[in-house]
Amino acid sequence: MTTATTVTSTPTTGAPKPTTMAAALNRALRDALTEDPAVHVLGEDVGTLGGVFRITDGLAAEFGDQRCLDTPLAEAGILGAAVGMAMYGLRPVVEMQFDAFAYPAFEQVVSHVAKMRNRTGGRLPLPLTIRIPYGGGIGGVEHHSDSSEIYYMATPGLHVVTPATVADAYGLLRAAIASDDPVVLMEPKRLYWSKADWSPENPEPVEPLGRAVVRRPGRSATLLTYGPSLPVCLEAAEAAVAEGWDLEVVDLRSLVPFDDETVAASVRRTGRAVVVHEAQGFAGPGGEIAARVTERCFHHLEAPVLRVTGFDIPFPPPMLERHHLPGVDRILDAVARLQWEAER
């Protein structure tokens, strides 16, 4: 099991200061617990330890072990309990310690979490947030580095969102907790210790659930990405300048619902698109995204929509993960295959 250092202390003034994504998530939970007594946090080691990544650091001491409670190592039981809590008016926030640890609870997600509102004819909402650390880049193996977002995307009845910035980590978690419907928040593990200037006392507004954001404008082609692959795509876009390509980078943020409007507007401007993510390529998120882009932008496309993804294998050992995860070179290789010859 991978451990992490204690969450950086949150600044005490309103001025922006270097803040980690982990600290922003911690602040979002603290603010939600403070403002709404219905909010409860539960999961393995979230109490005294403060979570394996220290996202819940200090919450049990501040709010008590009845509102930030440790659970047995029983993921299906954790989520089943949270379903009952939500049905009786609470707003539970579940931490699934690692991506693949959530699989034993998947029956609860599919059969109960996702279907409750529909099953009750809309009479019973389920304000439940499921936090799932996901993705590679931390030297973890198999059950500690999966990109499992496609399973939740393919389950009707769920919202699925993933932050790539410190501000979004705070904003999306607060929005998820405030939602009356279940939200799966996929948290990129390798970005937990990334920093940005941010003020916890005056957090800037973020786009709500369901909206994508253009992180870098460009004219030559669009990189469509999210979560842990966003910094890699921004680095690739800067490197592409030397090749004469001006790449636009769109941070999807919300995988369900999907922001077709922002994505289609970008691809129609550039005429070319590459989808980048860590999950596998076959039946992965990129297949759905490429299909939606093609349906809406066919007459604007100068080339087929390409994908740069993890390989179709179980997550490899740490010494091989840099080959498995999409990097700058693989992204630029894909951009180079976007039929530029037709313009020469």
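The values are calculated or read from the model by the stated rules, or taken from the named source; none is laboratory data. This one's a predicted model, so the numbers in the text were calculated from it and none came from an experiment. Ideal geometry is used to build each Cβ from the backbone, glycine not excepted, and the neighbour counts take in all protein chains shown. Ligands, DNA and RNA are stripped out before the accessible areas are found, and what is left, the full protein with its side chains, is counted by its heavy atoms. Shrake-Rupley method; radii C 1.70, N 1.55, O 1.52, S 1.80 Å.
Amide H contacts of LYS17: TRP198, SER199, each under 5 Å away and 5 or more positions distant or on a separate chain (H built 1.01 Å from N in the peptide plane; Pro and chain starts excluded). Annotation: amide H of HIS40 within the under-5 Å range of ARG91, VAL93, sequence separation 5 or more or interchain, hydrogens built in the peptide plane.
Computed 3J(HN,Hα) for region 117-123, one whole-Hz value per residue from the Karplus formula 6.51 cos²θ - 1.76 cosθ + 1.60 where θ = phi - 60°, is 4, 5, 5, 9, x, x, 6, glycine and proline marked x. Put the Cα centre of region 98-159 next to the Cα centre of region 224-282 and the gap is 24 Å. For LYS115, which aspartates and glutamates qualify as cross-link partners when the Cα separation must be under 17 Å and same-chain residues fewer than eight apart are set aside? By straight Cα distance, LYS115 reaches GLU107, ASP180, ASP181.
Taking each DSSP H run with n ≥ 4 as -39500 (n - 2.57) and averaging over every residue of the chain yields -8500 deg cm²/dmol at 222 nm. Excluding ligands, DNA and RNA, the accessible surface per residue across region 103-231 is 37 Å² with a 1.4 Å probe.
Compared with the rule-of-thumb size 2.2 N^0.38 Å for a compact globular protein, the chain has a Cα radius of gyration ratio of 0.98. Entry note: region 19-112 has Rg to Rh equal to 0.95, where both radii use alpha-carbon atoms and Rh is the Kirkwood radius. Distances between placed amide hydrogens fall under 5 Å for TYR134 paired with GLU187, LYS189, all partners being 5 or more residues away or on another chain. Taking each residue as 0.36 nm, the span from GLU341 to THR120 lengthens on full extension beyond its C-alpha to C-alpha distance by 73.9 nm. Modelled label positions at GLN66 and ARG322, each set 7 Å beyond Cα in the direction of Cβ, lie 5.2 nm from each other.
Pairs of Cα atoms nearer than 8 Å and 6+ residues apart set the relative contact order; for the chain it is 15 percent. Ranking of LEU223, LEU209 by solvent-accessible surface, largest first: LEU209, LEU223 (1.4 Å probe, protein heavy atoms only, all chains present).
Of the chymotrypsin sites (Phe, Trp or Tyr not before Pro) found in region 49-103, those in coil by DSSP whose Cβ has at most 13 other Cβ atoms within 10 Å are TYR88. Can you tell me, using C-alpha contacts under 8 Å and at least 6 residues apart, the relative contact order of region 179-293 as a whole percent? The normalised contact order for region 179-293 reaches 29 percent.
In this calculation the C-beta distance from GLU35 to LYS195 is compared with R0 = 25 Å, giving a FRET efficiency of 0.45. Taking 0.36 nm per residue of separation and subtracting the Cα-Cα distance, full extension of the segment from VAL241 to ALA303 would add 20.3 nm.
Across the protein chains, with a 1.4 Å probe defining accessible surface, the residues TYR151, TYR192 rank TYR151, TYR192 from largest area downward. Solvent-accessible area of PHE298, all protein chains in place: 130 Å² (probe radius 1.4 Å, heavy atoms, ligands and nucleic acids excluded).
Across the accessible surface of the chain, with the other protein chains kept in place and a 1.4 Å probe, carbon and sulfur atoms take up 55 percent.
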